[in-house]
1. Under the √(5λ) rule applied to the eigenvalues of the Cα gyration tensor, what semi-axes describe the equivalent ellipsoid of region 54-112? Give them in Å, descending.
2. Given +1 on the Cβ of Lys and Arg, -1 on the Cβ of Asp and Glu, and no further charges, what dipole in debye does the chain carry about its Cα centre, rounded to the nearest 20?
3. Where both partners of a DSSP beta bridge lie in the chain, what percent of those bridges are antiparallel, to the nearest 5?
4. Between Gln350 and Glu150, what is 0.36 nm times their sequence separation minus the Cα-Cα distance? Round to one decimal in nm.
5. Put +1 on the Cβ of each Lys and Arg and -1 on the Cβ of each Asp and Glu in the chain; which of Asn341, Ala222, Pro49 then has its Cα farthest toward the positive end of the dipole?
6. Could you please state, rounded to a whole Å, how far the C-alpha centre of region 226-293 is from the C-alpha centre of region 93-168?
7. What's the Kirkwood radius of region 221-288 in Å, using all Cα pairs?
8. Can you pull the Kirkwood radius for region 38-168, inverse mean 1/r over Cα pairs, to one decimal in Å?
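Values quoted throughout were computed directly from the atomic coordinates according to the rules given, and no laboratory measurement underlies them. Predicted model, so just to flag it, every value in this text is computed and none were measured. A quick note on method: Cβ atoms are made from the backbone with ideal geometry, for glycine too, and the neighbour counts reach across all protein chains shown.
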Amino acid sequence: MVRKAAMLMPIIILFTLACNLGTNQPTAEVEPAETQPAQITLEAATSAPTKAPVNVSDYAIFSINVQDFSYPEQSAAVLDRIITLHETYNVPVDIYLTDVMAQIYAEQFPQLLERLKTSPVVAISYHYRAPRPYANNYDWLGLRNMSADELYQTVLRYETHAVDPVTGQTTDAPGGYQYVASLIGYPPYAASSLSSDAKVDSALMRVFKELGAQMTVVHGRALNVGDTKKGLYIRPEHYDYMLFQNVGADPAASFENALNEAHNSQGIAPYFVGVKMHDNDFFSTQSAWLTVYVDGGKRPNWDPNLKSALLSQAEQDAMWAMYEQTVLYVASQNNRIGIVNLPMVLDMIQ
């Protein structure tokens, strides 16, 4: 645990840097005192990390889940700002795309898609949402009643074809995990099953592995480096730090509490804190898929034009302040906390 006295000055400095970054103002160079943690400077962005530091036993993984098709302009702006923040301070980040959002970026924001493909700190993974029928507790198609082969073929079609947002049925257009891979130029590192049904889960894991995924995501328990599920490595995580639920808290103290929770888990060192955000957390009261496919009912047909309310400007500013200051705080602790994305974790395993 970092002593409060030692933490005070770095936090003040980093808060000033965060304010300058958010307002696009030049940042004055600050000469840190000898007793302060190493500061992350603008020059650090010229050398992106490729391997996880091995002289620490605590790690953070920043993950952004992108999913809000209702407000594509806001989603794109959020992602662009996040990439800039992480590049500026040389902080690795995993960005999880749905096929719907990947298509929106490809067609409407091609420069953003290019940043996602080429940023030295970004690694792309994949996640899916309703109306795909294997979203957790969402089996409107009757997957549980299918034979093993029929289920596999159905999941394979869903992960290689686009989905009609009204009916939930697949179309002839490319989509799913395979489509995202084709856009970014490599198979997304992780893909996970949200199904609580063992048979459906097995079909999903098989399809994702065959399409090129190397990792998957599991929630609800301590997950150590090297743990596996049905042939895929599991993203390590000892505490699921849902940052959007901690807005208004002190960023440094809140992260240190998350790290303590990781240490108190039943896991094995090295310990990992998963720092989670969604694109919609920065601008809307609820995600598009919840608004359309949960509040709008769990069976077709759906109305994809439904929209959630937007956050107030003050609420948006508070969310950004929490996120930016958390990134900067963790970066300032690079002598004791490693920050990694999934390819760096795979390098640790392999």
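1. Those come to 26, 13, 9 Å.
2. The dipole magnitude comes to about 780 debye.
3. 20
4. 68.6 nm
5. About the Cα centre, the residue reaching furthest to the positive side is Ala222.
6. What the calculation gives is 21 Å, centre to centre.
7. 13.3
8. Result for region 38-168, one decimal place: 17.2 Å.
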